[in-house]
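Each remark here refers to the structure printed beneath this line.
Every number here is computed from the coordinates shown, using simple stated rules; none is lab data. All values derive from a computational prediction rather than experimental measurement. Here the Cβ is made from the backbone with ideal geometry for all residues, glycine too, and neighbour counts use every protein chain on show.
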Amino acid sequence: MTGGCSCGAVRYRLTSEPLFVHCCHCLNCQRQTGSAFVINILIETDCVELLGEEPQAVSVPRSGGKKQKIWRCPTCQVAVYSQYTSPRVRFVRAGTLDEPSAVAPDVHIFTRSKLPWVVLSDDVPAFDVYYDTQKLWPAESLRRIDALRAASRR
Ligand SMILES: [Zn+2]
Ligand SMILES: [Zn+2]
């Protein structure tokens, strides 16, 4: 899968399948996107191959005093991915894919702040806040994240 910013300076290719796809309805994501939710493709940082210009990291305050890094195109400022905790995992904004329909959410999170007119189907799990990764992620994704943790201990 390939994607990029609006002006075309930042281009990327995902060299692996997503670990998991979040649709997050939290207030931070609503503010950051100016929209109802964000669709994040969780994937190993090493699997985000940059084909164009290097996006620039911007430190964005979150509620609770923490900061989050969001990488933006240096020219048009469109956000292409972010990082929450581990620098080894990127949260790629699925709306920046060349074909956004290529992915669909595996889970809806923070639905406690979901806008009331966003209606979810019953076939995708939804959680008021967060969920248990061990229960929801496919075995192959758990194996990949374990490999990342092992690598970060070396
Ligand atoms: Zn751009
Ligand atoms: Zn969120």
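General remarks:
- Every condition in (1) away from ligand 2 (no atom under 16 Å from the Cβ); (2) within 18 Å of V129 (Cα to Cα) is met by L50 except one, and the failing one is (2).
- Summed over the range 15-32, the residues that are under 12 Å from F91 (Cβ atoms) and either of a type in the set (V, I, T) or more than 11 Å from ligand 2 (Cβ to nearest atom) (or both) give a count of 4.
- For the range 101-154, taking the residues that are among the aromatic types (F, W, Y) and surrounded by 11 or more Cβ atoms within 10 Å (Cβ to Cβ), the one that is farthest from V89 (Cα to Cα) is identified as F127.
- Conditions (1) polar (S, T, N, Q); (2) within 22 Å of T45 (Cβ to Cβ); (3) in contact with a helix residue (DSSP H, G or I) (Cβ under 7 Å, 6 or more places away or on another chain): number failed by S82: (3)
Residue by residue, here is whether (1) within 13 Å of ligand 2 (Cβ to nearest atom); (2) more than 18 Å from Y130 (Cα to Cα); (3) not in a strand (DSSP E or B) holds:
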{"position": "I41", "(1), (2), (3)": "no, no, no"}
{"position": "A57", "(1), (2), (3)": "no, yes, no"}
{"position": "V60", "(1), (2), (3)": "yes, yes, no"}
{"position": "G65", "(1), (2), (3)": "no, yes, yes"}
{"position": "G95", "(1), (2), (3)": "no, yes, yes"}
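- Annotation: of all residues in the range 81-100 being of a type in the set (V, I, T) and touching a Phe, Trp or Tyr at 6+ places or on another chain (Cβ under 9 Å), the one that is surrounded by the most Cβ atoms within 10 Å (Cβ to Cβ) is V92.
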